[in-house]
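Scroll down for the structure; my scribbles are underneath it.
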Amino acid sequence: MSHVKQAGKRARTDPNAPQPPLRLSQTPVERWFAEDDERTAYDERLSRMEILPPNYIGDGVLPDAKYPEFWRLIDIQGLRPFLYMHGRYYPRFVAAAFTTIFIREDEDEGEEFALGFRLGGREYKFTLAALATAWGLKD
C-alpha cells in the first residue's frame with residue numbers, strides 16, 4: 001500500500017505582527033553592552049577566561065552530626081536548598097553581566113540599596129528584599 005501525502009494548510013504569519021524580542025544568545029555580543037568601556041573590559045579579560053564546570057556540594061560532605069551548629073545557622077536562614085542547588089547557568093552571560101555590575105545606595109535621595117547590572121540594553125536591579133526572595137533567604 002502506498003502512502004500519499006495530503007496537502008495541509010500552512011499557517012500564514014502576518015509580517016506586520018510584532019515579533020518577540022530576540023533572546024540574548026541570539027544577539028551579537030556588540031549589542032550586549034551599552035558602553036564601549038564595558039565591551040572592552042569583557043573582550044580584554046572576561047571573554048578569554050577559561051570556563052570551569054560548576055562544582056556542587058554533595059550529600060555527606062558536611063555531615064549534620066559533625067557540624068550541628070553550622071547546619072543550625074544554615075537552616076535558620078533557609079540556606080540548605082541554596083547550598084544544594086544544581087541549576088544551569090550561562091558563563092558568557094555571567095561574565096558579560098559582571099563587567100556592568102553596580103551597587104546603588106543613596107540615603108540622601110531615599111533610594112534603597114540595589115545590586116544590578118546592564119545587559120542587552122536593559123538594566124536589572126535587585127533590592128535586598130528581591131535578592132532574598134530570588135535566593136530563598138529569610139529577609
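The values are calculated or read from the model by the stated rules, or taken from the named source; none is laboratory data. Model, not experiment: these values are computed from the prediction. Counting neighbours? That spans all protein chains shown, and the Cβs are built from the backbone with ideal geometry, glycine included. Ligands, DNA and RNA are excluded from the accessible area calculation, which covers all protein heavy atoms including side chains. Shrake-Rupley method; radii C 1.70, N 1.55, O 1.52, S 1.80 Å.
Looking only at region 62-83, residues that are of a type in the set (A, V, I, L, M) and without any contact (Cβ under 8 Å) to a residue 12 or more places away in the chain come to 4 in all. Regarding region 73-87, can at least one residue be identified that is open to solvent by 100 Å² or more (accessible area, probe 1.4 Å), among the basic types (Lys, Arg) and at pLDDT 75 or above? No, region 73-87 contains no residue that is open to solvent by 100 Å² or more (accessible area, probe 1.4 Å), among the basic types (Lys, Arg) and at pLDDT 75 or above. Considering region 6-35, and only residues there that are more than 30 Å from Ile101 (Cβ to Cβ) and of a type in the set (Lys, Arg), the residue that is modelled with the highest pLDDT turns out to be Arg12. For region 92-134, a residue qualifies if it is open to solvent by less than 80 Å² (accessible area, probe 1.4 Å) and modelled with pLDDT under 75, and the qualifying residues are Asp106, Gly110, Glu111. I'm trying to understand the selection: among the residues of region 57-72, which are at pLDDT below 75 and surrounded by 11 or more Cβ atoms within 10 Å (Cβ to Cβ)? Across region 57-72, the qualifying residue is only Ile57.
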